[in-house]
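Below is one structure, written out as structure tokens; comments come after it.
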């Protein structure tokens with residue numbers, strides 16, 4: 001069994017909770033007690049939406065797919081904040097402010113492009129062998145270093161049931177971007193504090209919320225919602241090998257290919273067998289997806 005499941009993660013479940021559920025469902029359906037299952041990028045418990053799950057040898061594609069663009073809808077509340085920068089903890093600071101849509105939109109545009117972002121104190125970043133959130137929970141302050149991320153766009157959108165000084169955004173960004181940190185940093189630009197009140201991930205790479213499935217629906221018919229491994233590889237060019245060249249490549253032998261340097265999906269007929277790298281017209285496999 002190899003491929004992906006595009007789960008629409010519900011509120012108040014960790015990404016690991018979802019992996020455990022999906023693994024159990026697929027083990028029961030396939031009888032494979034050693035089946036590998038893993039997610040392609042954490043979604044916080046208070047966030048909902050697209051959580052791609054890799055199954056079987058598709059888990060080997062984690063590094064290749066991790067750097068894909070993500071698209072979110074988020075709401076930020078300014079004039080208040082929490083220690084976790086989301087709705088998972090109590091309000092710790094509160095200020096009397098009045099912000100206009102125009103002010104907030106202008107401040108947000110300062111964070112479009114490649115930026116240096118300091119992760120939240122309550123994050124899984126490792127500092128001196130400890131998780132930042134463990135340091136924060138014990139009352140300490142982790143020495144978190146800024147990391148370069150890319151925000152491709154921040155667009156203010158209309159949304160129902162927003163409170164005073166609460167604004168909704170559509171955000172397209174690189175992997176590794178903390179949306180909670182954007183709420184903090186935009187607020188600072190506005191001369192106040194802020195936190196993220198909700199987060200929906202609409203897409204992660206090729207995985208879109210329009211193609212996602214709830215855990216309950218997946219459990220009812222898991223084979224119906226399994227996606228082929230090629231589903232996540234649409235952005236990569238493909239090369240097809242003859243049987244002889246495919247055998248050589250799978251045995252670790254560099255194969256002569258007249259093609260430009262780059263990363264390719266390697267096929268043997270209709271079967272995707274690997275991800276390969278071509279350099280100076282020599283193909284070597286990076287990730288094997290079959291024996």
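Bear in mind these aren't lab numbers, they're just calculated from the coordinates by the rules spelled out. If you're wondering where the values come from, they're calculated on a predicted model, not measured in any experiment. Heads up, the Cβs are rebuilt from the backbone with ideal geometry, glycines too, and the neighbour counts pull from every protein chain shown.
Brief remarks follow.
- Computed extension gain for residue 228 through residue 261, at 0.36 nm per residue and net of the alpha carbon distance, reaches 9.3 nm.
- Residue order for 11, 43, 66, 227, fewest other beta carbons within 10 angstrom first, comes to 11, 66, 227, 43.
- The radius of gyration of the Cα set in the chain, together with its Dmax, comes out at 21.8, 72 angstrom.
- Sorted fewest first by neighbouring Cβ atoms within 10 angstrom, 30, 15 come out as 30, 15.
- Between 0 and 90°, nearest 10: helix 15-30 axis offset from the chain longest Cα axis: 30 degrees
- Point-to-point label distance, residue 27-residue 279, nm (Cα→Cβ direction, 7 Å offset): 3.9 nm
- Shape annotation for the range 236-288: C-alpha extents along the principal axes are 22, 21, 18 Å, from largest to smallest.
- Cβ crowding within 10 Å ranks 206, 114, 240 as 114, 240, 206, fewest other Cβ atoms first.
- For the chain, the longest principal axis of the alpha carbon atoms and the long axis of helix 179-189 meet at an angle near 40°.
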